[in-house]
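The values are calculated or read from the model by the stated rules, or taken from the named source; none is laboratory data. Note that this is a predicted model, so its numbers are computed, not measured. We place every Cβ from the backbone using ideal geometry, glycine too, and count neighbours over all the protein chains shown.
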Amino acid sequence: MEMTKMNVGALRKALDRREISAVELATYYLDRIAQLDPQLKAFITVPRAEVLQMAAAADRRIATQEDVTALTGIPVAIKDNICTEGIRTTCASRLLADFYPIYDATVVAKLKQAGAVLLGKTNLDEFAMGSTTKESFYGLTRNPWDRQRVAGGSSGGSAVAVAAGMAPLALGSDTGGSIRQPAAFCGVWGLKPTYGRVSRYGLVPYAPSFDQIGPMARSGWDLFLLFRGIAGYDPLDPTSLPASVEAEGDLSGSIRGLRVGLPREFFGAGLDGRIKERVLAVAKVLAEAGCELMELSLPSMAYALPAYYLLAYAEASSSMARYDGVRYGIREGAEQGIVGMMTATRQSLGLEVKRRILLGTYFLSADCYEECYQQAQKVRTWMKQDFAAAYSRCDLLLTPTTAAPAFRIEGEAEDEPVLALTEQYTVAANLTGNPALSFPCGWINHLPVGAQLMGPAGTDELLLRVAAVYTENAPGEAVPERTARDVGEQIEV
């Protein structure tokens, strides 16, 4: 039984029929992590004993048929900025190397309640501040399709874990594209949900008005199952929406008559022409399925990146104030007094995190507040109005996820213009709070590329349904059977 070639539905049937136990399934993935991860660096912490305990508990539930859900016994990898009780949560930083949370994030609690098996904590850019997973104290995560290229970030570890078959499902977090960009680079599915549909309680904050936890998987149906398992109102999160997700349901249904917008600003300068061709091929498949295509303009997109950087860095400056050696973070230099201790403690932060804190502090200063911060907030309001006007004309938007395939680790990963191009199409969904989905749509030189669907708040399931229709009707070469889960054949182990 080749478990990496089975989707979650097939694994569910195998577990329920006792063709395999949850312990055997967890052991399989743990062994695969041990085999592949030394070269890919997708995981920071893999608590084998705790994993097998959770799997044994899942087997007992399955044996008694008590509270068995779609996720009971299914392994799920967790991004290491999501709190897990008793299992260290480092945010890929030396500052939190020994931080063991005393509570679970709401999404983790939901997964445990459903009987899922938490497989381990995945690598990320330090405090989720980056787009390469290169800014990690625990080492660079490599793309399983080409180990000389980045996996994307900041949820690169989760994307690689799924793409390389080290986990069937994973959770990431998305502040400006941190789920969707690595999903596109690694050839998997990634959803940035509507802001508030998934609780942020227990997510270590980077920029709280942007941050959102979301699922990553190898197929739309698997993604939907995980999304359904973590979404819903949470009284512990003051930004949580009352909207719920149906306990039952699927992604079937006609998309005939849906209006799909193609924004001009997403198909202009900077976009690799080959990605443009593949996204337009997605549009053609949707048109053949009965969708109406229309071209439109979103002029606010010209200011999206600077507004995002300014606001996110300002919020990061505030969020990071808690790491002072008293409340959180390793304590160093205590003999130097409070100022010396805080200074010494914060020297544990990486250069990229320090850069964003310093810039954010400047943006919030008296000299810059009105000219920078308030203007960026006005741009954000304009973007919300601009996108709302677009959605009055169409039901959803189709765009590229990234401007180019995964770039090389050496050289390009330090090039600021290249890094900016990886986020130019993703930040809009975080600025507006609307859902956005990245899904595989083809290949360029053996590297996967992704298309992005965006819609109004609350249309998360619609995006998944539309993408599922594309997958069902796409040409064979666009969605091949072979994936990076076969990476074991390419890596010397």
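A single entry from Val285, Val279 fulfils the requirement of being under 18 Å from Ala467 (Cα atoms), assigned to a helix (DSSP H, G or I) and touching a Cys at 6+ places or on another chain (Cβ under 8 Å): Val279. Counting the residues of segment 81-117 that are within 15 Å of Leu171 (Cβ to Cβ) and of a type in the set (Asp, Glu) gives 1.
Highlighted here are the helices (runs of 4 or more DSSP H) found entirely within segment 330-416 that include at least 1 residues which are within 30 Å of Lys276 (Cβ to Cβ): 375-393. Tyr309 meets the conditions (1) of a type in the set (Ser, Thr, Tyr); (2) modelled with pLDDT of 95 or more; (3) farther than 30 Å from Leu96 by Cβ in every case but one. The failed one is (3). Filtering segment 99-140 to residues that are in contact with a strand residue (DSSP E or B) (Cβ under 8 Å, 6 or more places away or on another chain) and of a type in the set (Val, Ile, Thr) leaves Val107, Val108, Val117, Thr122, Thr132, Thr133.
Please determine whether any residue of segment 229-247 is modelled with pLDDT under 95 and within 29 Å of Arg149 (Cβ to Cβ). No; the residues of segment 229-247 include none that is modelled with pLDDT under 95 and within 29 Å of Arg149 (Cβ to Cβ). Once segment 21-55 is narrowed to residues that are among the aromatic types (Phe, Trp, Tyr) and either assigned to a helix (DSSP H, G or I) or in contact with a His (Cβ under 7 Å, 6 or more places away or on another chain) (or both), the residue that is surrounded by the fewest Cβ atoms within 10 Å (Cβ to Cβ) is Tyr28. A count restricted to segment 192-223 and to residues that are over 18 Å from Lys79 (Cα atoms) and aliphatic (A, V, I, L, M) stands at 0. For first residues located in segment 261-288 and among the aromatic types (Phe, Trp, Tyr) and modelled with pLDDT of 95 or more, partners that are surrounded by 13 or more Cβ atoms within 10 Å (Cβ to Cβ) and not in a helix (DSSP H, G or I) and lie 6+ apart or on another chain with Cβ distances below 6 Å form the pairs Phe266/Thr399; Phe266/Tyr425. Which one is surrounded by the most Cβ atoms within 10 Å (Cβ to Cβ), of the residues in segment 288-329 that are among the charged types (D, E, K, R) and in a loop (DSSP other than H, G, I, E, B)? Once the filter is applied, the top-ranked residue is Asp324.
Condition check ((1) in a loop (DSSP other than H, G, I, E, B); (2) aliphatic (A, V, I, L, M); (3) out of contact with any helix residue (DSSP H, G or I) (no Cβ under 6 Å at 6 or more places or on another chain)) across all residues:
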site: Gln181; (1), (2), (3): no, no, yes
site: Gly190; (1), (2), (3): no, no, no
site: Tyr201; (1), (2), (3): yes, no, no
site: Ala207; (1), (2), (3): yes, yes, no
site: Phe210; (1), (2), (3): yes, no, no
site: Gly214; (1), (2), (3): no, no, yes
site: Asp222; (1), (2), (3): no, no, no
site: Leu225; (1), (2), (3): no, yes, no
site: Arg228; (1), (2), (3): no, no, yes
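Of all residues assigned to segment 138-148, at least one qualifies as being surrounded by fewer than 24 Cβ atoms within 10 Å (Cβ to Cβ) and among the aliphatic types (A, V, I, L, M). Applying the condition of being at positive phi and in contact with a helix residue (DSSP H, G or I) (Cβ under 6 Å, 6 or more places away or on another chain) to segment 68-102 and asking which residue is surrounded by the fewest Cβ atoms within 10 Å (Cβ to Cβ) yields Cys91. Arg380 meets each of the listed conditions (1) farther than 26 Å from Ile102 by Cβ; (2) out of contact with any Leu (no Cβ under 8 Å at 6 or more places or on another chain) apart from (2).
The residues in segment 372-411 that are of a type in the set (S, T, N, Q) and crowded, with 20+ Cβ neighbours inside 10 Å can be counted, and the count is 3. So, in segment 144-165, of the ones that are out of contact with any strand residue (DSSP E or B) (no Cβ under 7 Å at 6 or more places or on another chain) and assigned to a loop (DSSP other than H, G, I, E, B), which residue ends up nearest to Phe407 (Cα to Cα)? Only one residue tops the list, namely Gly152.
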